[in-house]
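Q: I am attaching a structure below and will ask some questions about it afterwards.
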Amino acid sequence: MALDGAYLHCLKQEIASAAVGCRVEKVHQPARDEIVLHLRGRSGARKLFISVRPDSPRVHFTSRAPENPDKPPMLCMLLRKYLTGAMVSSVEQCGMDRVLTLGFDATNEIGDPVRLSLYIEIMAKHSNAILVNGDGKVIDSVKRIDASKSSYRVILPGTDYILPPQQDKLDLLQCDADRILQRVREFDTAMLSGALLKSVQGVSPVVCREISHRACGEDVRVAELSDAGWNAVGEQLETLKSSITQGEFQPCIVFDELGKPREFSFFPITQYGSAAQVKLYHTLSEVLDDFYYERDVVERTRRREHDLFKLLSTLSERAARKLNSRRAELESCKDKDELRIRAELINANLYRLQKGSLFYELENYYEDNRLLRITADPALTPAQNAQKYYKEYRKAFNAEKILGDLIAESEQEVAYLDSVKDELSRAQTRQEIDEIREELSRSGYIKRSAVKQRKTAALPPMEFTSSDGYKILVGRNNLQNDKLSLKTAAKSDLWFHTKEIPGSHVILCCDGSIPPERSILEAAQTAAFYSRASDSTRVEVDYTYVRELKKPVGAKPGKVIYHTNKTLLVDPKNPAEILKSPTA
């Protein structure tokens, strides 16, 4: 669901009550289309998050500000120049449109007071954040728009700022219910929710469906509405208008049967009945923070790891081709004895063979003297043809001896790259991705100079506590898996890993005791969750004592072998939900 004008109107009141009178302490730009304003006032510090991403444009206070890049973008430096130290003087909305304007009282380079405005346009793929000076001139914007992209609005430094074009809809706050219903009647062939959407400014599809549900029990066609139905719709519109103007809202998120956020609104949603769960929140900002958090984590990680995924895909394809080539070559070596036999038969019949023949038909004494046609090179003598077959035989014989080791090496490389792709898919922070880059550089896949050296300490393993109080450690990448399993863990601890599936090494710290079956099960469920099979329902997980693990000589990071183990069939479970005291 997109943030609509009605929700933005309620949110405007929330932001204004907390932000007006605060000073801008810092400005960050975590991504190209995201801005974070650090505000400080008498009530303390707050972070105002602004996103103009096409799939999740919004503005709200956040407690989960994303990581910042090492080097701030140029727009971030410009915003710092103009806004750092400025005071938020106003928060305005243009009618019920999805445009929020933050007004700032600032000073210029020589200390003169200036008025600045930050227009936040929440309009799907056309979303933008535009800084405008007191004369209405654009200073800069997140997305620059020239004449080739829009003939109506040009958003470039120095141009006049023009508000987005208004839609031909009625403002709920400025019109009474009768006038809105009159407009709705014009769409007599449409469903009621669709007609409301076309008639009323600032309401989203879920709000229109909710009005239809509350008034009629279901979404009906406009032409089928009775007088009682029209009265009920009018009452719902007046109730909605009253709750918006008086600030009587109840922010909520609707979760589907799988627990995934489906919709959000500023008043309770009842249209889904028992098929969904509605969770109420204290503030509108908390709703947006929770609704988009998981999606944003995935999106930010995808952006940061894009180049690594591309590299790993290329390396994996190359390794797979090499493996298939070696297997095909090994398959061809199975006929090496045929080459030797042909050479022997030619040597045994040199006395009756002549140079210049295209083939020799000879009795094969290995198969009851059946005639065997042997291809020959007419430019060579029979003895030279025999030596040629001997040479091909020796080549195939020697290749067969070394291809076994080469194929095993290629299989290990394919498995290793597969494991790196798996750990990259689960990385959530910049540092985790940087450590994966470091791992690839140590393995020779990335040049050392291409890996940016960071002074931050290495991340510790993820740590959880089982229901019985036993510590569970989870490796974040292959280098950490090696350290965790071969150095950190005690010999009496239990080691867990998905069977023949890439995943993290998981250690159940036993402290010399025998852990209960419940803790063993929870550790196995954790190992299944932190693996490629996390979306499966039944996953095999091997576990054994750490003392049984061995690191093969020359093996890739994360590769260990064991010969004694037990296997559990478990459902993957997120340890942050089923275990106590999770720590990142």
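The values are calculated or read from the model by the stated rules, or taken from the named source; none is laboratory data. Quick caveat: nothing in here was measured; it's all calculated off a predicted structure. Here the Cβ is made from the backbone with ideal geometry for all residues, glycine too, and neighbour counts use every protein chain on show. The accessibility values were calculated without ligands, DNA or RNA, using every heavy atom of the protein model including side chains. Shrake-Rupley method; radii C 1.70, N 1.55, O 1.52, S 1.80 Å.
Q: Which one of these is under 30 Å from Ile407 (Cβ atoms) and at pLDDT 80 or above: Leu358, Leu353, Leu330, Leu308?
A: Criteria check complete, one pass: Leu330.
Q: Please enumerate the residues belonging to region 16-35 that are part of a strand (DSSP E or B) and under 28 Å from the mean Cα position of the chain (by Cα).
A: Lys26, Val27, His28, Gln29, Pro30, Ala31, Glu34, Ile35
Q: Next question. Residues in region 442-449: is at least one farther than 30 Å from Asp377 by Cα, of a type in the set (Lys, Arg) and outside any helix (DSSP H, G or I)?
A: Looking through region 442-449, at least one residue is farther than 30 Å from Asp377 by Cα, of a type in the set (Lys, Arg) and outside any helix (DSSP H, G or I).
Q: Any residue in region 559-577 that is in a loop (DSSP other than H, G, I, E, B) sitting within a Cβ distance under 6 Å of a residue that is surrounded by 13 or more Cβ atoms within 10 Å (Cβ to Cβ) and acidic (Asp, Glu)? List the pairs, counting only those 6 or more apart or interchain.
A: Close Cβ pairs satisfying both conditions: Tyr562/Glu548; Thr564/Glu548; Asn565/Asp542.
Q: In region 103-144, which residues are over 30 Å from the mean Cα position of the chain (by Cα), within 19 Å of Glu92 (Cα to Cα) and not hydrophobic (A, V, I, L, M, F, W, C)?
A: Residues satisfying the conditions are Gly103, Asp105, Arg115, Ser117, Asn133, Gly134, Asp135, Gly136, Lys137.
Q: Under 6 Å between Cβ atoms, which residue pairs at least 6 apart in sequence (or on different chains) link something in region 320-338 that is assigned to a helix (DSSP H, G or I) with a partner that is open to solvent by 70 Å² or more (accessible area, probe 1.4 Å)?
A: Qualifying pairs under 6 Å: Lys336/Phe397.
Q: Sticking with this structure for a sec: Given the options Arg340, Arg321, name the one that is open to solvent by 50 Å² or more (accessible area, probe 1.4 Å) and touching a helix residue (DSSP H, G or I) at 6+ places or on another chain (Cβ under 8 Å).
A: Arg340
Q: Sort through Tyr389, Tyr416 and tell me the only one that's within 30 Å of Val560 (Cβ to Cβ), of a type outside the set (Gly, Ala, Ser) and open to solvent by less than 50 Å² (accessible area, probe 1.4 Å).
A: So the residue among Tyr389, Tyr416 that is within 30 Å of Val560 (Cβ to Cβ), of a type outside the set (Gly, Ala, Ser) and open to solvent by less than 50 Å² (accessible area, probe 1.4 Å) is Tyr416.
Q: On to the next question. Out of curiosity, is Glu361 without any contact (Cβ under 8 Å) to a residue 40 or more places away in the chain and either open to solvent by 70 Å² or more (accessible area, probe 1.4 Å) or acidic (Asp, Glu) (or both)?
A: Answer is yes for this residue.
Q: Which numbered condition in (1) of a type in the set (A, V, I, L, M, F, W, C); (2) modelled with pLDDT of 90 or more; (3) surrounded by fewer than 21 Cβ atoms within 10 Å (Cβ to Cβ) is the only one that Leu79 fails?
A: So the condition that Leu79 fails would be (3).
Q: If you check Ile514 against the conditions, is it aliphatic (A, V, I, L, M) and either free of Cβ contacts under 8 Å to residues at least 12 places away in the same chain or not in a helix (DSSP H, G or I) (or both)?
A: Judged against the criteria, Ile514 is a match.
Q: Of the residues Glu67, Glu92, only one is touching a residue at least 12 places away in the same chain (Cβ under 8 Å) and over 30 Å from Leu172 (Cβ atoms); which? Spell out the reasoning first.
A: On the way: Glu92 fails: over 30 Å from Leu172 (Cβ atoms).
Result: Glu67 is the single residue among Glu67, Glu92 that is touching a residue at least 12 places away in the same chain (Cβ under 8 Å) and over 30 Å from Leu172 (Cβ atoms).
Q: Further question on the same structure: Taking Gln174, is it more than 39 Å from the chain's Cα centre (by Cα), in a helix (DSSP H, G or I) and exposed (fewer than 15 other Cβ atoms within 10 Å of the Cβ)?
A: Against the criterion (more than 39 Å from the chain's Cα centre (by Cα), in a helix (DSSP H, G or I) and exposed (fewer than 15 other Cβ atoms within 10 Å of the Cβ)), Gln174 does not qualify.
Q: Can you run down the residue pairs with Cβ atoms below 7 Å, 6 or more apart or on separate chains, where the first is in region 165-186 and hydrophobic (A, V, I, L, M, F, W, C) and the partner is in a strand (DSSP E or B)?
A: The qualifying pairs are Leu170/Val200; Leu170/Gln201; Leu172/Val200; Leu172/Gln201; Ile180/Leu170; Ile180/Val200.
Q: Looking at Phe267, Phe187, can you tell me which residue is within 38 Å of the chain's Cα centre (by Cα), open to solvent by 10 Å² or more (accessible area, probe 1.4 Å) and among the aromatic types (Phe, Trp, Tyr)?
A: Phe267
Q: For residues in region 202-231 being open to solvent by less than 60 Å² (accessible area, probe 1.4 Å) and among the polar types (S, T, N, Q), which is nearest to the chain's Cα centre (by Cα)?
A: The selected residue is Ser204.
Q: Can you name the number of the only condition in (1) in a helix (DSSP H, G or I); (2) surrounded by 13 or more Cβ atoms within 10 Å (Cβ to Cβ) that Glu294 fails?
A: Looking at each condition in turn, Glu294 falls short on (2).
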